[in-house]
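Colleague: Take a look at the following structure, please.
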Amino acid sequence: MEKKPCSYSLAVKTSHVLPPDTNNHGTLFGGKLMAHIDDVAAIAAVRHSRKPVVTASTDSVDFLAPVKEGHSVCVEAFVTWTHNTSMEVFVKAVTEDLLTGNRKVCTTAFLTFVAIDENGRPSSVPGVYPETDHEKLLHEHAGARAQQRKERRKQSKQFAETFGTDFPWDKGH
């Protein structure tokens, strides 16, 4: 498979923040923004691999500024790194006060997707290469982020084994 530039996978979505999207503070629900992030990141991963994908992990989603009702939120995503069947996708969300034009980065996140074949099994993906300084910075540190994800996943599996499927109220508590 031929490597592709990071920019090949760029996906962008802009949404107007309306009252049903907001909480009692008049700001966008975090879960709603996370849904936008997962959607746009998945588009970037499919665009890169040209295969169906599943979300394997979401690293920290850092909410840096509120997204207010009446403003817009623009979510941008692109593949920064690949490994066999997986792709790391960087996501940046920018909120804009549509009346003043004031813009702020409101969220950043990294997500990992796995490409799957027609049987739902992991499928190989093309490599990716950075071109801009920003892409190079993200690509350069991707291996370390992947190692952190691997360790976090191991810990999550240990938690799952420790806590199991029972609920406290099932045990007479």
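Colleague: If you go through the range 31-41 one residue at a time, do you hit one that is of a type in the set (A, V, I, L, M, F, W, C) and under 17 Å from Ala115 (Cα atoms)?
Modeller: Yes, the range 31-41 has at least one match.
Colleague: Same structure, new question: Provide a single number: the residues in the range 98-109 that are in a strand (DSSP E or B) and without any contact (Cβ under 8 Å) to a residue 40 or more places away in the chain.
Modeller: Residues in the range 98-109 being in a strand (DSSP E or B) and without any contact (Cβ under 8 Å) to a residue 40 or more places away in the chain: 1 in total.
Colleague: Right, next: Evaluate the following for Ala44: is it touching a helix residue (DSSP H, G or I) at 6+ places or on another chain (Cβ under 7 Å) and either surrounded by 14 or more Cβ atoms within 10 Å (Cβ to Cβ) or among the hydrophobic types (A, V, I, L, M, F, W, C) (or both)?
Modeller: Values: touching a helix residue (DSSP H, G or I) at 6+ places or on another chain (Cβ under 7 Å): yes; either surrounded by 14 or more Cβ atoms within 10 Å (Cβ to Cβ) or among the hydrophobic types (A, V, I, L, M, F, W, C) (or both): yes.
When the stated conditions are applied, Ala44 passes them.
Colleague: Moving on to the next point. Just for the range 128-151: of the residues that are within 16 Å of Val89 (Cβ to Cβ) and among the small types (Gly, Ala, Ser), which one is surrounded by the most Cβ atoms within 10 Å (Cβ to Cβ)?
Modeller: Ala142
Colleague: Give the range 1-28 a look and list any residue that's exposed (fewer than 15 other Cβ atoms within 10 Å of the Cβ) and part of a strand (DSSP E or B), or say none. Step through it out loud before you land on a result.
Modeller: The first filter runs over the range 1-28 and keeps only residues exposed (fewer than 15 other Cβ atoms within 10 Å of the Cβ), leaving 1-3, 7, 12, 14, 16, 18-20, 23-26.
Passing the criteria: Val12, Thr14, His16.
Colleague: Within the range 95-114, does at least one residue satisfy the condition of being under 20 Å from Val53 (Cβ atoms), touching a His at 6+ places or on another chain (Cβ under 8 Å) and not charged (D, E, K, R)?
Modeller: no
Colleague: I would also like to ask the following. May I ask you to list pairs of residues, at least six apart or on different chains, whose Cβ atoms are under 6 Å apart, with the first in the range 37-51 being outside any helix (DSSP H, G or I) and the second being small (Gly, Ala, Ser) and buried (at least 19 other Cβ atoms within 10 Å of the Cβ)?
Modeller: The qualifying pairs are Lys51/Ala115.
Colleague: Sticking with this one: If I ask for residues that are touching a helix residue (DSSP H, G or I) at 6+ places or on another chain (Cβ under 8 Å) and either of a type in the set (Gly, Ala, Ser) or free of Cβ contacts under 8 Å to residues at least 40 places away in the same chain (or both), which ones from the range 53-74 would you list?
Modeller: Of everything in the range 53-74, just one residue is touching a helix residue (DSSP H, G or I) at 6+ places or on another chain (Cβ under 8 Å) and either of a type in the set (Gly, Ala, Ser) or free of Cβ contacts under 8 Å to residues at least 40 places away in the same chain (or both), namely Ser57.
Colleague: Might you let me know whether the range 75-97 holds any residue that is without any contact (Cβ under 8 Å) to a residue 24 or more places away in the chain and surrounded by 13 or more Cβ atoms within 10 Å (Cβ to Cβ)?
Modeller: yes
Colleague: Turning to a different aspect of this structure: In the range 110-127, which residues are touching a Pro at 6+ places or on another chain (Cβ under 9 Å) and either crowded, with 23+ Cβ neighbours inside 10 Å or assigned to a loop (DSSP other than H, G, I, E, B) (or both)? Can you show your working first?
Modeller: From the range 110-127, those touching a Pro at 6+ places or on another chain (Cβ under 9 Å) are 114-118, 120, 123; that's our starting set.
Result: Ala115, Asp117, Glu118, Gly120, Ser123.
Colleague: Sticking with this structure for a sec: Any residue at all in the range 149-168 that is under 21 Å from Phe78 (Cα atoms), in contact (Cβ under 8 Å) with a residue 12 or more places away in the chain and within 20 Å of the chain's Cα centre (by Cα)?
Modeller: Scanning the range 149-168, I find at least one residue that is under 21 Å from Phe78 (Cα atoms), in contact (Cβ under 8 Å) with a residue 12 or more places away in the chain and within 20 Å of the chain's Cα centre (by Cα), so the answer is yes.
Bear in mind that the values in this text are calculations on the coordinates, not laboratory data. Predicted, not measured: the structure shown is a model, and the values here were computed from it. When we count neighbours, we look across all protein chains shown, and the Cβ atoms used for this are built from the backbone with ideal geometry, even at glycine.
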